[in-house]
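Enquirer: One structure follows; several queries about it will come next.
Derivation of every value follows stated rules applied to the coordinates shown; laboratory data play no part. Remember, predicted model here, so these are calculated numbers, not experimental data.
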Amino acid sequence: MTTTENRPALRSQRLNQVTNAPHEQLDKAVKANAPFETLESYARFVVAQFGFQNELKALYTDPELINIIPDLAERCRAEQAKADLADLNTALPAPVTGALQNPGTAEALGWLFVSEGSKLGAAFLIKRAAALNLSDSFGARHLGEPAGGRAEGWKNFVRTLDGLVFSAEEEAQIEQGAIAAFERFNVLLQQAYAAETELV
């Protein structure tokens, strides 16, 4: 008996498997902060979203990564989240220490896997945002449907990701990147909802 028989063949499936625990932890943290109960709570959620997307901007504009995923630059949601904060009369947050710095290609793709995958969940979140009179043109732009559709964009990303050839070391790096991305968003979320954080 080997342990590999329980290991999915596709890289994207393996990433889903290894990130299951931090993903669940983050889901619980989001629910605990009830971002769709009030506009103030939602604004704090967008602060975290902007922080995460802004930190990943360097990846979305990296020429080497764009060479792998040609439409990568258009996939970035930092500007939409920034516009949402303006809609909500909320100041841009100060940088939070611990941001990702110059990752290798494999690690960077792990982070992008999490960021791109979150667009699927955004389909449910934007429905919740609608109850606060927000939409993909006001206050919830970063949750809007990407050009070409959520499912198609995700399938294209995953197809590319699953087709890349990596060494064992790089496989470990992409997994570490994906886990770290969930953990980082959790940090940004806790910071955004911290009692001492004043939203202007």
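Enquirer: Working from Cα positions, state the angle (0 to 90°, nearest 10) between the long axis of helix 105-130 and the longest principal axis of the chain.
Expert: Relative to the chain, helix 105-130 is tipped by roughly 40 degrees.
Enquirer: Helix 78-87 versus the longest principal axis of the chain: what is the Cα-based angle in degrees, 0 to 90, to the nearest 10?
Expert: Relative to the chain, helix 78-87 is tipped by roughly 10 degrees.
Enquirer: Still on this structure: Would you mind pulling out the separation of the Cα centroids of segment 40-91 and segment 92-133, in Å?
Expert: 7
Enquirer: Please compute the length gained on full extension between residue 10 and residue 34, using 0.36 nm multiplied by the number of residues separating them and subtracting their Cα-Cα distance.
Expert: 5.2 nm
Enquirer: If each DSSP helix of 4+ residues adds -39,500 (n - 2.57) and the sum is divided by the residues in the chain, what number results at 222 nm, nearest 500 deg cm²/dmol?
Expert: Here the helix-only value at 222 nm equals -20000 deg cm²/dmol.
Enquirer: Here is a further query. Pairing the Cα long axis of helix 168-193 with the longest principal axis of the chain, what angle in degrees results, from 0 to 90 and rounded to the nearest 10?
Expert: Here the helix axis deviates by roughly 10 degrees.
Enquirer: Next question, about the same structure. Between residue 135 and residues 5 or more places away or on another chain, which pairs have amide H atoms under 5 Å apart, with H built 1.01 Å from N, and which residues are they?
Expert: 140
Enquirer: Which entry in (i) 0.97; (ii) 1.00; (iii) 0.95 matches Rg/Rh (Cα atoms, Kirkwood Rh) derived from the coordinates of this structure?
Expert: Calculated Rg/Rh (Cα atoms, Kirkwood Rh): the matching label is (i).
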